[in-house]
Amino acid sequence: MPNDRIVFVRILDLEREAAYFNAEELPLHVGDSCVVEHNGLHLGTVAEEVPAGEELSGQLERVVRVATDADLDAHRYNQADAERTVAATREAVAHHDLPMHLVAAEYTLDRKQLRIYFTAPHRVDFRNLLRDLASRFNTRIELRQMGARDEARLRGGVGRCGIEICCHRFLREPKPVPMDLAYDQELFVSPERITGACGRLMCCLAYEHEMYLAELARLPKLGAQVAVGEKQGKVISHSIFRQTVTILTEDRERIEATVDEIEVLQPGKKRKH
């Protein structure tokens, strides 16, 4: 439809989701609050307006309405009530003796659904707990198990860098960070120094990984036999930012040299004088 408009909405839920919606002819602009249907009714904020594109708007969910003062009040009340819900749920978890650690809870805007987030060391049979909670809160309950990274993303916190952790601030879909990334950057430090608030490797290790790989490709590998001037030895460390390597010579001397100053020797061979 020619009058359709597509808006990108940041949904004000715990998972900080965002999606495109068809605003049709609603008077919405960037920064405005609106109500959307996204696994239940949620309050959201318009972050961007984009061209509709041919037949694209018909494939999207529609914005329910421009948010009213009543919607804003309901959202604030639900946030406060969700904190009380966590305390009551914690009592129920203890009653059923389940190994669950509650993280947070949230209601949909119309309070037709209550979602409760938790962590656990393994899969939990919470069917009896679910029935108990449904009778207590008189609404549809969804129990959602999450991992340590997801918990940090919901809770937030301050990282080792002194600013708010990335997964809560802007990373919408944090990805696993394998130890290989630390090895590629030659971070030979204690694991605690590169561990984030979630207890896993910090997400920021992945930000410059490709740059490290590109720069390391220009340097001889660790353990490579090289010659610098009249001396020979093996590479024991790199300085990517200075583009130098540290060499342990045959007489146990340490020498730092630039890439242009060294000659890489073939394995098992020594340079002839």
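Structure summary
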read-out	value
Using θ = phi - 60° and Karplus 6.51 cos²θ - 1.76 cosθ + 1.60, couplings along the range 13-27 (whole Hz; Gly, Pro as x)	10, 5, 7, 6, 6, 8, 7, 8, 9, 8, 8, 6, 9, 5, x
Amide H contacts of residue 6 (H built 1.01 Å from N, under 5 Å, at least 5 apart or other chain)	23, 50, 52
Positive-end residue of 196, 266, 59, charge dipole of the chain with Cβ unit charges	266
Options (1) 47, 44, 33; (2) 86, 57, 30; (3) 54, 46, 32 - which one matches Cα extents along the principal axes in Å as calculated here	(2)
Pairwise Lys count, the range 150-273 - Cα closer than 19 Å, eight or more residues apart or different chains	10
Least to most buried among 187, 213 (fewest other Cβ within 10 Å first)	213, 187
Cβ-defined net charge surrounding residue 208, 11 Å radius [Lys, Arg +1; Asp, Glu -1]	-3
Residues whose placed amide H lies under 5 Å from that of residue 144, excluding near-sequence neighbours	116, 117, 118
Estimated vicinal HN-Hα couplings, Hz - the range 65-73 in sequence order (Karplus 6.51, -1.76, 1.60; Gly, Pro = x)	5, 5, 5, 9, 4, 5, 5, 5, 5
Amide H contacts under 5 Å for residue 157, placed H, 5+ residues apart	165
Prolate/oblate/rounded label for the range 94-161 (Cα gyration tensor, a/c 1.5)	oblate
Cβ-based exposure ranking for 36, 158, in which fewest neighbours within 10 Å come first	158, 36
C-alpha center-to-center spacing [the range 199-273, the range 59-132] in angstrom	54 Å
Ellipticity estimate at 222 nm from DSSP helix runs (n ≥ 4, -39,500 (n - 2.57)) divided over the chain, nearest 500	-7000 deg cm²/dmol
Which of 255, 165 has the fewest Cβ neighbours within 10 Å, and the rest in rising order	255, 165
FRET efficiency for residue 252 and residue 122, using Cβ-Cβ distance with R0 set to 35 Å, rounded to 0.05	0.10
In order through the range 29-36: 3J(HN,Hα) via Karplus (6.51 cos²θ - 1.76 cosθ + 1.60), integer Hz, x for Gly, Pro	9, 4, x, 6, 8, 8, 10, 10
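Quick note: the coordinates plus some simple rules give every number you see, no bench work behind them. Source: prediction; values computed, not measured. Glycine also receives a Cβ, built like all others from the backbone with ideal geometry; neighbour counts cover every protein chain displayed.
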